[in-house]
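Dropping a structure here in structure tokens format, bear with me for questions.
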Amino acid sequence: MSSSLHSRLQQLQSRFTWDLKEEDMDLENLSIRLQEHIDLQLGQQSAVALSYSFLAYVRYLQGRRQEAMSLLNQSEEKTRECYGEESERRLIVTYGDQAWLKYHTGDYTQSHSYCQRVDDILVKYPTGSSTVLHPEVYGEKAWTFLKCLKAYYPKAIDCFRKALELQPDDSEWNAGCAIALYRTEPSDLETSQEDEESPAIKQLRRALEINPDDGVLLSMLALKLTAHKKHQEAEALVERALEKDPDNPHAMRYIAKYLRIQGEDGWSIDLLRRALKRTNQSAFIHHQLAMCYKKKQHKCKTSKAFNKQEAKQWKHLRIQHLEEAVKIKPSFVVAIADLALLHGQEMNLRRAEELFQQAFQNLATDKGATQAFHLNYADFYLYHTKQEAKAIPHYIEGLRLTQDTWEWNQCVMRLKMIAERHLSYDKNDAQSYGLLGLVAKAEGKKKKAEEFYEKALDCDENNDEYLSALCELRMELQ
């Protein structure tokens, strides 16, 4: 029976069949976030039920199967409470998860019973095609991918769009698609377009047509519009979010980010602290507070009335909140790299190196933070350990990633500074001309890059790297 049952289980729509790789997930951080959603009752009607069922899968992976089954039962109960007679299609995935869990505990009879429940629903509500799922299944699959990790965001968008093809006016699928697009687009400050609205902006507007008082969507759209220099509309959205959803910690963190960008550090800190009282296990909020204190520290250091003790206090608060962020989410690369650099400044070099290695181990799961990591690591070597030779490869790595970001510009500036300083001592330094050629090429100044590589070869005529770069440039310039 177990063989035929296993074959049937593999056909179910379930987290056990969605190719969710355990090694891709930070189970402890995911557990904290899902429990927070449950405790705070965040999101739309089915969101809490979904958090129960996803947390059940996490508990299964953590070896806590009895608790996992209890959570799935609570998910079913919550779904029936929310949707009543309309709940059956929303239980397809929950029953699938229950069937798998019972199978793994050796209760084949109960596992078969849950499979039968799914079959009964599919017979009662046919989709008309074996390749088309119910929108509720696409939606739950999408939310699961979205809560998992960045690498799964494209899958989440695809599932939300399939759900919207079937239910174009559904508030959950529209909101989820908007959030997924917001997270996959370049960060708000990197956007240079002013006129053409991005897919995320269009989808956020669509979601707000259906649910105009959603504080998270309002604050996300405000951030996007700020990047497009639509400041008046963005400000109105923030005011509406504060009015309509003042107790939502997720909305507060985006509003605080908006205010920090506008220079309203005091208000931003107040909002983040308020949000932290409701959800003190948010690595994101701790990191945002650290960034606010960084601005405070910078203002203090550049003020005419410089107060050394005050600057030290802001730095202490930065370290405190970054330590909390890293403790909550050990894979938070940006926070780890920021904390490492701070420890470098404090000459805690061993701790700094440990943190950089921790960040490096997590780059595969947070590729968006790679550039910030390389910049921080390079700065650590250049300014705090005085190992320029180790800094240069990291600046070059940062240069090869997304262009025109703040981090990219810093890498450009540092490499130019290093090269020009060496040339001031030795006008025949081939490596410096090579670095300037690399930077010029990255900036799109190919003719200038060609000149620098020619100078590099004049100083080191047998260097294959410079010769190869020069040949490639000349072919591009023809």
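What lysines does Lys447 reach when the alpha-carbon gap must be under 16 Å and sequence neighbours fewer than 8 apart in one chain are set aside?
Result set, ordered by chain and number: Lys455.
What is the range 426-478's relative contact order, in percent, from Cα pairs under 8 angstrom and six or more apart in sequence? Let's see the in-between values first.
Values: 50 pairs, mean separation 18.7, N = 53.
The value is 35 percent.
How tilted is helix 430-442 with respect to the longest principal axis of the chain? Cα atoms for both, answer in degrees (0 to 90, nearest 10).
The helix 430-442 is inclined about 40 degrees to the chain.
Something else now. Under a Cβ-only charge scheme (Lys and Arg +1, Asp and Glu -1), can you give me the dipole magnitude of the range 1-125 about the Cα centre, in debye to the nearest 20?
On the way: 14 positive and 19 negative charges, 61 e Å.
Dipole magnitude for the range 1-125 comes out near 300 debye.
If you don't mind, another one. Taking 7 Å along the Cα-to-C-beta vector as the label spot, tell me the Gln361-Lys229 distance in nanometres, rounded to one decimal.
Those two pseudo-labels are separated by 4.6 nm.
Continuing with the same structure: On a 0 to 90 degree scale, rounded to 10, what angle separates helix 92-104 from the longest Cα axis of the chain?
90 degrees
Which length gain, in nm to one decimal place, applies between Arg421 and Asn73 when the Cα-Cα distance is subtracted from 0.36 nm times their residue separation? The partial results should precede the final answer.
Details: separation 348, 0.36 × 348 = 125.28 nm, distance 6.68 nm.
Taking 0.36 nm per residue and subtracting the Cα distance, the gain is 118.6 nm.
Next question. Subtracting the Cα-Cα distance from 0.36 nm times the residue separation, let me have the gained length for Glu443 to Lys327 in nm, one decimal.
Additional length available on full extension: 37.9 nm.
Same structure again: Using a/c under 1.5 as the rounded threshold, could you call the chain rounded, prolate or oblate? The axes a ≥ b ≥ c are square roots of the C-alpha gyration tensor eigenvalues, and prolate needs a/b larger than b/c, oblate otherwise.
Values: a/c = 2.02, a/b = 1.71, b/c = 1.18.
Cα axes put the chain in the prolate bin.
Separate question: For the pair Arg8/Ser303, report the inter-label distance in nm, with labels modelled 7 Å from Cα in the Cβ direction.
Reported label-point gap for Arg8 and Ser303 is 7.1 nm.
How much length, in nm to one decimal, is gained on full extension between Glu185 and Glu243, taken as 0.36 nm per residue of separation minus their Cα-Cα distance?
18.1 nm
Helix 349-361: angle to the longest alpha-carbon principal axis of the chain, degrees 0 to 90, nearest 10?
With both axes taken from Cα atoms, the answer is about 50 degrees.
Excluding Leu122 itself, calculate the net charge of residues whose Cβ lies under 14 Å from the Cβ of Leu122, where each Lys or Arg counts +1 and each Asp or Glu counts -1.
Working: positive: Arg8, Arg89, Arg90, Arg117, Lys124; negative: Glu88, Asp119, Asp120, Glu136.
Every neighbour counted, the sum reads +1.
So, one more: Efficiency by 1/(1 + (r/R0)^6): what FRET value for Thr105 and Asp24, r their Cβ-Cβ distance, R0 = 35 Å, to the nearest 0.05?
After rounding to 0.05, the efficiency reads 0.90.
I've got another one for you. By its C-alpha gyration tensor, with a ≥ b ≥ c as the square roots of the eigenvalues, how is the range 426-478 shaped: rounded for a/c under 1.5, else prolate for a/b larger than b/c, else oblate?
It comes out oblate by the Cα gyration axes.
All of the numbers you see were taken from the coordinates with simple rules; none came from a lab. Everything numeric here is computed off the predicted structure, so don't read it as measured data. Methodologically, a virtual Cβ is constructed for each residue, glycine included, from the backbone with ideal geometry; neighbour enumeration extends over all protein chains shown.
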